[in-house]
1. What residue, of Ala67, Ala122, Ala44, Ala62, is crowded, with 20+ Cβ neighbours inside 10 Å, out of contact with any helix residue (DSSP H, G or I) (no Cβ under 8 Å at 6 or more places or on another chain) and either farther than 26 Å from Asp340 by Cβ or hydrophobic (A, V, I, L, M, F, W, C) (or both)?
2. Residue check: is Arg269 among the basic types (Lys, Arg), in contact with a helix residue (DSSP H, G or I) (Cβ under 8 Å, 6 or more places away or on another chain) and surrounded by fewer than 21 Cβ atoms within 10 Å (Cβ to Cβ)?
3. Among (1) outside any loop (DSSP other than H, G, I, E, B); (2) surrounded by fewer than 21 Cβ atoms within 10 Å (Cβ to Cβ), there is one condition Asp23 misses while meeting the rest; what is its number?
4. Just give me the residues in the stretch 280-318 being touching a strand residue (DSSP E or B) at 6+ places or on another chain (Cβ under 7 Å) and under 26 Å from Leu50 (Cα atoms), in sequence order.
5. Give the stretch 125-144 a look and list any residue that's surrounded by fewer than 17 Cβ atoms within 10 Å (Cβ to Cβ), without any contact (Cβ under 8 Å) to a residue 60 or more places away in the chain and either in a helix (DSSP H, G or I) or within 25 Å of the chain's Cα centre (by Cα) (or both), or say none.
6. Does Glu219 count as more than 20 Å from Thr336 (Cα to Cα), among the acidic types (Asp, Glu) and either surrounded by fewer than 22 Cβ atoms within 10 Å (Cβ to Cβ) or within 18 Å of the chain's Cα centre (by Cα) (or both)?
7. Can you find a residue in the stretch 240-252 that is in a helix (DSSP H, G or I), small (Gly, Ala, Ser), under 18 Å from the mean Cα position of the chain (by Cα) and crowded, with 23+ Cβ neighbours inside 10 Å?
8. Gln147 versus (1) touching a Phe, Trp or Tyr at 6+ places or on another chain (Cβ under 7 Å); (2) not in a helix (DSSP H, G or I): which is the lone unmet condition?
Amino acid sequence: MKVTFPHMGNAWIVIQALFEALDVEVVVPPPSGKGTLNLGTKLAPESACLPLKINLGNYIEAAAKGADTIVITGGSGPCRFGFYGESERQILADAGYDFEVVILEPPGGSLWGLARRIRYLAGSRNSWARIVRAVRFAYEKSVVLDQVEDLIHQARPRFSDAAGAEKLYAIARQHLIESASYESLHRVPVRLAQNIRDSQGDANGSGGKEPLRIGIVGEIYTILEPFASLDVEQQLGALGAEVDRSIYLSGWVGQHIFRGLAQGYRPLRVYSRLAKPYLEHMVGGHGLETVGAAVSFARRGFDGILQLLPLGCMPEIVAAGILPRIQADFSIPIMTLTLDEHTGRAGLQTRLEAFVDLLERRKSGRLKRGSVLSVAGK
């Protein structure tokens, strides 16, 4: 068995750590790129959403490296992600790829069912004790990974040289990959924070003033996967904005995979309560979290909110219809960006520059608070 999985940001670091701890051969797909998307687009239905197309490209590239088993998480509710596992298996089979697909989710809410699937992947040579240790360490690595990403979000707009922050980010990720003990793992964010403070570019990029703060909400894949969002976090950092996300990997895994038994770096449970005045029930995907997080960012005094979603994403379309009410109630500009295989980097950059300029003028008082709300729409 040679296990592979779709890329979703830095999640591969955690997944690789889990399988290597269990001596399961793992094939990490090459980083997602235009070639990956082209491969997936050729096989996917035209109306399929962007994540599925990139996923298919990941699998095809992994197959060329010998992968024969796909591990993917599942979903429920009115979101097509819940059908990804079987849909992708059939699409790949029709194209001549003989993959076994293992869906990591608690079937019917049963954590025992989830454990049995992990056990199947781990094989009989691994004891339950070893499996539990491997899962706990991999999950802890996801929490530390989220801490590292948050530190970089804060650092980017404060560097005069954008490349300086990215260099520190790359070093920290490499340390994460190499960490094989809890002690070495928890040293990574401490070391990164110190390196940021010691850097000559620290606090120079914004000219001594506090940078804009922009909250990013939306569908989890387009939030976490830089290729899907065309590096929107990095672009905003270079424009002098500090970003924060509604969803971090460990929080999502803790709630979605482990059914709330683990909270992660940024727990998601609070979003349901915050969303209630606007949306009282689950609409699939992360529509509820998008609404609740938008309220959270607005209450915390963020300067603007950016919603990311793949074209045709039903839960996020529902959320996008509610966000104008939050925009009006809290007088906070919200912009929605819809992404697909035709989205161009230049066009996206232009929209981000216009949004940041609007927020800067608004913050400086050059625009009245109410006058920008109709400008910062979709």
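1. Details: Ala67 fails: out of contact with any helix residue (DSSP H, G or I) (no Cβ under 8 Å at 6 or more places or on another chain); Ala122 fails: out of contact with any helix residue (DSSP H, G or I) (no Cβ under 8 Å at 6 or more places or on another chain); Ala44 fails: out of contact with any helix residue (DSSP H, G or I) (no Cβ under 8 Å at 6 or more places or on another chain).
Criteria check complete, one pass: Ala62.
2. Numbers: among the basic types (Lys, Arg): yes; in contact with a helix residue (DSSP H, G or I) (Cβ under 8 Å, 6 or more places away or on another chain): yes; surrounded by fewer than 21 Cβ atoms within 10 Å (Cβ to Cβ): yes.
So Arg269 fits the description; yes.
3. (1)
4. Across the stretch 280-318, the qualifying residues are Thr290, Ala293, Ala294, Gly304, Ile305, Leu306, Gln307, Leu308, Leu309, Pro310, Leu311, Glu316.
5. As a first pass, look at the stretch 125-144 and keep what is surrounded by fewer than 17 Cβ atoms within 10 Å (Cβ to Cβ): 125, 127-130, 132-133, 136.
Still in the running and without any contact (Cβ under 8 Å) to a residue 60 or more places away in the chain: 127-129, 132, 136.
Passing the criteria: Trp128, Ala129, Val132, Arg136.
6. On the way: more than 20 Å from Thr336 (Cα to Cα): no; among the acidic types (Asp, Glu): yes; either surrounded by fewer than 22 Cβ atoms within 10 Å (Cβ to Cβ) or within 18 Å of the chain's Cα centre (by Cα) (or both): yes.
Against the criterion (more than 20 Å from Thr336 (Cα to Cα), among the acidic types (Asp, Glu) and either surrounded by fewer than 22 Cβ atoms within 10 Å (Cβ to Cβ) or within 18 Å of the chain's Cα centre (by Cα) (or both)), Glu219 does not qualify.
7. If we filter the stretch 240-252 for residues that are in a helix (DSSP H, G or I), which is where we start, we get 249-252.
Subset that is small (Gly, Ala, Ser): 250-251.
Next, only the ones that are under 18 Å from the mean Cα position of the chain (by Cα) stay: 250-251.
Okay, now just the ones that are also crowded, with 23+ Cβ neighbours inside 10 Å, so 250-251.
Yes: the stretch 240-252 contains one or more residues that are in a helix (DSSP H, G or I), small (Gly, Ala, Ser), under 18 Å from the mean Cα position of the chain (by Cα) and crowded, with 23+ Cβ neighbours inside 10 Å.
8. Answer for Gln147: the failing condition is (2).
The values are calculated or read from the model by the stated rules, or taken from the named source; none is laboratory data. Model, not experiment: these values are computed from the prediction. Every residue, glycine as well, gets a Cβ built from its backbone with ideal geometry; the counts of neighbours run over all protein chains shown.
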